[in-house]
Each structure stands twice: as C-alpha cells, then as structure tokens.
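**Q** Handing you a structure now.
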Amino acid sequence: MIDLRAFAFIDKLQKQFVGFIGSTAMGYYPVAGQSAIFLEIAPGIEINTLADAAMKKANVRPGAMVVERTFGMLEVHADSPADVLEAGEVLMDYMKKELSDRMKPKILASETVERTDPYMSQIVNRFRNASMCLSDDTLYTMEVVPAGYAGLAANEAEKAANVTLNHVTVFGASGRLYFSGTSSDVKAAKEAAEGSLAALDGREH
C-alpha cells in the first residue's frame, strides 16, 4: 500500500532552481520554463515502479529520483504543462489515489535573520548546494514536511522576488529551504513560498 506524502505541480521552473537540480541530481536535467511535478511516497522503493510507469505512458523525463530507507522522491518535467499533468494522472492512477490523499504541507520552522554576521554566512556556505549567502544579506530558512514540498516553495520564492537560493533539500525526514537577499526581497519571497504551501489541500498529519 503506497502512502502518498507529497504531490506538487510547478507550472514554470525558475532559473536558479533548475540550476540547483542540475548540480545535485542524477537524471535528465530540467531547464527554466519547463513544468514539473514533485512526488514523495512511502515505502521509498516503490518510487522505481512509479517512475517507470510515468516514463512509459507520458512524455516526461525524470530530473531527480531518490530512494531512501523510508521515503521515495521523484521529480518529472517536460516542456508542456499538459504532458506533466498527464504524468500526474498516470502516477495517481497507478497508486489508486486522489489529490486529496496527499499530505498537506506543514511548516515546522520559518525564520528570518536580518543582516547576517560574516561568520554566520560562512557557516551557511559550508553546507549550501546552491549559490552563496553574503555577509549582511538577510537570510530566510524554512523546514517543512513532507520534504517534497520544499521544491515548490523554492521555485515560488524565486519567482516572486530577486533572492538568491542558497540551499534546498527535497527528500528525507523534512525539507529545507534557504534563500537570501535584501530585506524587502526576502519578505516578498517568504510570503510567496509560505503562501504556495498554504494553498495546497490534503489530509492532515
């Protein structure tokens, strides 16, 4: 029995976010402007059969697939939003699920650090997978479950304001998002990121 944890459709992938996927994933990398779906399930190993079903029945490519001990995560993308939505239907049919069966995002932590100390920005840069956080930048951090929703939040933040993506984690026990910039840009991006998650329906945790 597959547990549908996260399902998020992204209408238009942003430049920094696809750059992050390309630098960390091992698949067919997406490019800016394409549409995508992020899917998270349990048990993790079932993600293999889901990926195969989507590839066979829809015109999409996998940009990232992670098989963990507990959870599995899949990202698929295509030039056409219709092709991506078709893949979503294939995935749902295979699992015998409805969109309402997914978990609603739950933000565990959300913090904004104004004018980061130089040493703080250096610590962030030691583990970041995307662009650097500079001293005096305002830094935003989020932790969300299920982890797959961090991808949607990152993309919507970049779409809304001129922020720098520092780090994104879209798999595991929880998802994490770090971005930085001016205080006004970070505020706008924070509202977009958290608003995109609040707009998703689903079952409660």
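**Q** Please verify whether the stretch 98-105 includes one or more residues that are at pLDDT 95 or above, in contact with a His (Cβ under 6 Å, 6 or more places away or on another chain) and of a type in the set (D, E, K, R).
**A** No, the stretch 98-105 contains no residue that is at pLDDT 95 or above, in contact with a His (Cβ under 6 Å, 6 or more places away or on another chain) and of a type in the set (D, E, K, R).
**Q** While we're on this one: Based on what the data block shows, is GLU158 among the charged types (D, E, K, R) and in contact with a Phe, Trp or Tyr (Cβ under 9 Å, 6 or more places away or on another chain)?
**A** On the way: among the charged types (D, E, K, R): yes; in contact with a Phe, Trp or Tyr (Cβ under 9 Å, 6 or more places away or on another chain): yes.
Answer is yes for this residue.
**Q** Let me ask something else. Please specify each residue of the stretch 48-70 satisfying the condition of being out of contact with any His (no Cβ under 6 Å at 6 or more places or on another chain) and buried (at least 23 other Cβ atoms within 10 Å of the Cβ).
**A** ALA54, VAL60, ALA64
**Q** If you check ALA150, ALA154, ALA161, which single one turns out to be hydrophobic (A, V, I, L, M, F, W, C), outside the structural domain of GLU46 (by TED's automatic domain parsing) and out of contact with any strand residue (DSSP E or B) (no Cβ under 6 Å at 6 or more places or on another chain)?
**A** Numbers: ALA150 fails: out of contact with any strand residue (DSSP E or B) (no Cβ under 6 Å at 6 or more places or on another chain); ALA154 fails: out of contact with any strand residue (DSSP E or B) (no Cβ under 6 Å at 6 or more places or on another chain).
Matching residue, one of ALA150, ALA154, ALA161: ALA161.
**Q** Applying the selection to the stretch 1-40, what residues are more than 27 Å from GLU204 (Cα to Cα) and among the aliphatic types (A, V, I, L, M)?
**A** LEU13, VAL18, ILE21, ALA25, MET26, VAL31, ALA32
**Q** Just the residues that are buried (at least 24 other Cβ atoms within 10 Å of the Cβ) and under 23 Å from PHE71 (Cβ atoms), please, taken from the stretch 158-170.
**A** Across the stretch 158-170, the qualifying residues are LEU165, VAL168, VAL170.
**Q** Right, something else. Quick one: would you say ARG126 is out of contact with any strand residue (DSSP E or B) (no Cβ under 6 Å at 6 or more places or on another chain) and not assigned by TED's automatic domain parsing to the domain that holds GLY181? First the steps, then the outcome.
**A** Values: out of contact with any strand residue (DSSP E or B) (no Cβ under 6 Å at 6 or more places or on another chain): yes; not assigned by TED's automatic domain parsing to the domain that holds GLY181: no.
The answer is no for ARG126.
**Q** In the stretch 102-142, how many residues are within 10 Å of TYR178 (Cβ to Cβ) and under 15 Å from the mean Cα position of the chain (by Cα)?
**A** 4
**Q** Kindly establish whether GLU75 is surrounded by fewer than 16 Cβ atoms within 10 Å (Cβ to Cβ), of a type in the set (Asp, Glu), in contact with a strand residue (DSSP E or B) (Cβ under 7 Å, 6 or more places away or on another chain) and in contact (Cβ under 8 Å) with a residue 60 or more places away in the chain. Break it down into steps so the answer makes sense when it comes.
**A** Details: surrounded by fewer than 16 Cβ atoms within 10 Å (Cβ to Cβ): no; of a type in the set (Asp, Glu): yes; in contact with a strand residue (DSSP E or B) (Cβ under 7 Å, 6 or more places away or on another chain): yes; in contact (Cβ under 8 Å) with a residue 60 or more places away in the chain: yes.
Answer is no for this residue.
**Q** Name the pairs whose Cβ atoms lie under 8 Å apart, with the first residue in the stretch 79-105 and among the hydroxyl-bearing types (Ser, Thr, Tyr), the second surrounded by 17 or more Cβ atoms within 10 Å (Cβ to Cβ) and assigned to a strand (DSSP E or B), and 6 or more positions between them or separate chains?
**A** Within 8 Å, the pairs are SER80/SER35.
The values are calculated or read from the model by the stated rules, or taken from the named source; none is laboratory data. Keep in mind it's a predicted model, so treat the numbers as computed, not measured. Counting neighbours? That spans all protein chains shown, and the Cβs are built from the backbone with ideal geometry, glycine included.
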